[in-house]
Amino acid sequence: MNTYLIIDIGTSSIRGIIYDKTGKIIYKASQTYKPKYLPDGSVTQDPQIFIDLLIQIIKQCTVFARDNAYEIKAISMTSQRSSLIPTKGGQPIAQTIMWQDTRVNKILDQYRDYDDFFLQRSGSRLNAVYLGAKICWVKYQSPEIYAEADKMLNIPSLLLYQMTGTYTTDTTYGSRTNLMNIHDLTWDPDLFKILGLDVNKMPEITAPGDVCGYITEEFSQKTGLKKGLPVISAGGDQQCAAVGSGSITNDEVSINTGTRGYLIKNVDVLPKILDGNIIYNTSANPNKYILEIDLLACSSTLNWFIDNFYGERDFDKLNQDLSDCYGQHINLAVLPFHKGKSIGVYDTHIRAAFSNVGLSTRRKDMLYALMASLFVEINKGLGIFKANGPISSVIISGGLTNSTVMDQMQADAYNMPVHKTASVESTAIGALISVLVQQGEYANFHDAAQNIIDDPVQSYEPNLDNVQCLLDFDARNTNLYSNLQGTASGYYKE
């Protein structure tokens, strides 16, 4: 039987999943790792770990396939998007600067006058998460590494080189660099010139879903994969997750409430003037763009509250506490900006706040209000999207969908029906759809999605009584933010 191997590289794990063409999981292997977090804001990882674990996981998959008479027909890769690895001759020469690393923020301050130019050319203002900022940081902080490196790669580009011997990156990753022209999908010499970077250190740009190379003899011997198998770059993890959750048409929005929160909407063409409230990326679905709005902290905010106020992860207790408070008037005002505000106003200095806490305030009241504050903030992002086209469906996934109460709260906060994805592997499913279309199993993404993606496991209609409660709550939060913004009370002081 023909099967397809999907490689899914996350922030803390790498997985290999063998699927058949119907989307059935045949075999799964995974390994975890943990980036190093330091007080100076650095988040790093030994890049050799990615190479070693890739080989280990593929070995497991090929042994299983051989022993059970499955033939792997092609490989498709999806990955986290914006971690940097300086390389020479295809080998790492420095630690991976992970996407969460915040040391680059100060480097960008000197270029803020160019923010709108970068927005209109690259699809985003200068962004510390993006690869361009990290390359700039390496050039100024470690000039010897910058000079020695012949290629500046993200994680998937490094691993694609190990597999195929070619330097490539697709446009979904290119649109997360601040260095690719979002309109013609090529490296933009003007953007490189402003930051003083060398375009020759970048890999070749391809389209998502294209074959970017073939398994080499050397990699075949290391892993057992057949030499010459095609390797497809399916696109970045959030783009693939949107596809895999079923967000294919332009009137559907995917909301992923992971460590960060991501709102994604498909469009066919970009507006003439790009809006600074939106990040513009290319889609994993060829010939489409995505509008993206990010929350700087999402399920990580819940984790913070659990660690500091509950002490143990008793999700039955959490759900019961949320149920006890559901539908009640929220007396608190809450700003869920543990890492700053990013929707409507980009303000990384503002921090989280609880207001109107009294002696009668219970832990469960604070939990419910904190979750509600996240969802009404996400709703502001939906409002921005609605100005760019109608929304008929909202598809939810991620850590904050593990509670039926929170799922209902999302429907109430958005005042729209929401549909929870059935598969926990939406990112891998998106990468599978990409390779199946490339290999001719389906004519297009829509046909593949119709045959592979399960119907939503649950749908929720808004409770109109609670909709009004959340609107009142949001008004108090907005008032609190406007009063704290720009004051010592509203800002973290180092």
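Just so you know, all these numbers are worked out from the coordinates, no wet-lab data involved. These numbers come from a predicted model, not from an experiment. Heads up, the Cβs are rebuilt from the backbone with ideal geometry, glycines too, and the neighbour counts pull from every protein chain shown.
Both numbers refer to the Cα atoms of segment 421-470; Rg and Dmax are 16.2, 50 Å. Spin-label pair E312-V457: with each label point 7 Å from Cα along the Cα-Cβ axis, the two points sit 2.5 nm from one another. Distance between the modelled labels on Y140 and V345, one decimal in nanometres: 2.7 nm (7 Å Cα→Cβ projection). The long axis of helix 464-484 is offset from the longest Cα principal axis of the chain by roughly 90 degrees. On the beta carbon distance between N402 and K88, with R0 = 41 Å, the FRET formula returns roughly 0.40. The peptide list 294-302, 40-48, put in order of mean Cβ contacts within 10 Å with the highest first, becomes 294-302, 40-48.
Here segment 215-347 is assigned +1 on the Cβ of each Lys and Arg and -1 on the Cβ of each Asp and Glu. Its dipole about the Cα centre then comes out at about 460 debye.
Between the Cα long axis of helix 131-141 and the first principal axis of the chain there is an angle of about 80°, rounded to the nearest 10.
By the count of neighbouring beta-carbon atoms within 10 Å, fewest first, E252, E71 end up ordered E71, E252. Give the residue from W304, Y214, Y280 lying farthest towards the positive end of the charge dipole for segment 188-317; charges sit on Cβ (+1 for Lys and Arg, -1 for Asp and Glu) and the dipole is referred to the Cα centre. The one lying farthest along the dipole's positive direction is Y214. Dipole orientation for the chain: of the candidates I9, L158, V437, L158 has the Cα lying most toward the positive pole (charges on Cβ; Lys, Arg +1; Asp, Glu -1).
Could you calculate, for segment 145-196, the ratio of the Cα radius of gyration to the Kirkwood radius, expressed as Rg to Rh?
With Rh from the inverse mean 1/r over Cα pairs, Rg/Rh is 0.99.
Seen from a random direction on average, the alpha-carbon convex hull of the chain projects onto 22.4 square nanometres. Among K272, K339, the order by Cβ neighbours within 10 angstrom, fewest to most, reads K272, K339.
Overall dimensions of segment 363-448, expressed as equivalent-ellipsoid semi-axes from the Cα gyration tensor (√(5λ), whole Å, largest first), are 31, 17, 9.
Take every pair of alpha-carbon atoms less than 8 Å apart whose residues are at least six positions apart; their mean separation over the length of segment 293-440 yields a relative contact order of 22 percent.
Would you mind checking segment 52-84 for residues with the amide N under 13 Å from a putative spin-label position 7 Å along Cα→C-beta of D46? Backbone N within reach: 52-53.
Projected label points at S13 and Y491, each 7 Å from Cα along the beta carbon direction, are separated by 4.1 nanometres. Magnitude of the charge dipole for the chain, about its Cα centre and with charges confined to Cβ atoms of Lys, Arg (+1) and Asp, Glu (-1), is about 780 debye.
When peptides 176-189, 465-478 are ranked by their average number of other Cβ atoms within 10 Å per residue, the highest-first order is 176-189, 465-478. By other beta-carbon atoms within 10 Å, ranking M366, M163, M1 with the fewest at the front produces M1, M366, M163.
Other residues within the sphere of radius under 15 Å centred on the Cβ of T249, judged by their own Cβ, net out at -2 (K and R +1, D and E -1). Highest average first, the peptides 323-333, 230-240, 415-425 ordered by how many other beta carbon atoms sit within 10 Å of their residues are 230-240, 415-425, 323-333.
Each Lys and Arg contributes +1 and each Asp and Glu -1, all at the Cβ; summed about the Cα centre of segment 2-239, the dipole is approximately 600 debye. Against the main long axis of the alpha-carbon atoms of the chain, helix 404-414 sits at an angle near 80°.
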